[in-house]
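Colleague: I have a structure I would like to understand better, so I am pasting it below and will then ask my questions one at a time.
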Amino acid sequence: ETLKTQQPRKTAILSGDDIRRLCQGDKPMISPFSEKQRWHGISGGLDYHGYCITLGNQWSVMTAPKIDTANIGASNKHIRLITKDTFTLAPNASVLAVSAERFIMPRNVMALSFGKSTLARIHVVTTITPIEAGWEGHLTIEISNKNKLSEVDLHAGLPITQLVFFWVTEGSGYDGIYQHQQQVPTPALGNNT
């Protein structure tokens, strides 16, 4: 069948009800799962068309003076892992954090991350790469403080970013180097494998 005659594949965003259903049973997509909640005025948990994940209490600080992208794994000896409920992020600094939630992504669902508006208004930006269908583990989250003057206190339990889930054509599932991440921020594995 040529590209011209193929029918387009339909992709749709999961509703809150879809997400709730996928978080029940023996292999919940998100655990622990929380219905809509508020943490000091910031929304978290299940939403109309997404899910706001929360921070765990593990923080990874990079202290390398220089990182060579041709040898990323060498930078891992310059990582300091910190365990505490509150981490103060300096101006113009970033940290790797980890989600309190663990994921078991179905082979027909993927997710993308979007920043929370409340945090964006204080210049806190989060980055999570796409969460592939079939991936399992705790999410590593990069958090940047774009403030030039202000420190920002980050707390375990803070709703940090919203995930939007998409139905996708079922495939073989993720089989990459970041499968089964533990509840600590996972550094760049690069050429360690």
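Computed from the coordinates by the stated procedures, all read-outs in this text should not be read as laboratory data. These figures come from a predicted structure and were not determined experimentally. Neighbour counts run over all protein chains shown; Cβ positions are idealised from the backbone, glycine included.
Colleague: Spelling out what I want: for every residue of segment 115-131, take phi, set θ = phi - 60°, compute 6.51 cos²θ - 1.76 cosθ + 1.60 (Karplus), and round to whole Hz; glycine and proline get x.
Modeller: x, 8, 4, 4, 6, 4, 6, 10, 6, 9, 10, 10, 9, 9, 5, x, 9
Colleague: Within segment 45-83, list the trypsin sites (Lys or Arg not before Pro) lying in a DSSP loop whose Cβ has at most 10 other Cβ atoms in a 10 Å radius.
Modeller: Qualifying residues, ordered by number: 66.
Colleague: Let me ask another. For each pair in 36/77; 84/116; 77/148; 27/84; 36/148; 36/66, compute the distance between the two Cα atoms and list the pairs where it is over 31 Å. Walk me through the numbers on the way to the answer.
Modeller: Working: 36/77 40 Å; 84/116 23 Å; 77/148 28 Å; 27/84 29 Å; 36/148 33 Å; 36/66 42 Å.
Flagged as over cut-off: 36/77; 36/148; 36/66.
Colleague: Can you give me the Cα centroid spacing of segment 142-160 and segment 90-128 in angstrom?
Modeller: Comparing the Cα centres of segment 142-160 and segment 90-128, I get a distance of 11 Å.
Colleague: Further, regarding this structure: In segment 39-131, which chymotrypsin sites (Phe, Trp or Tyr not before Pro) fall in coil by DSSP and have 16 or fewer other Cβ atoms within 10 Å?
Modeller: Loop-located and lightly packed - 48.
Colleague: Moving to a separate point now. So how much slack lies between residue 150 and residue 169, counting 0.36 nm per residue of separation and subtracting their Cα-Cα distance, in nm?
Modeller: Result: 2.4 nm gained on full extension.
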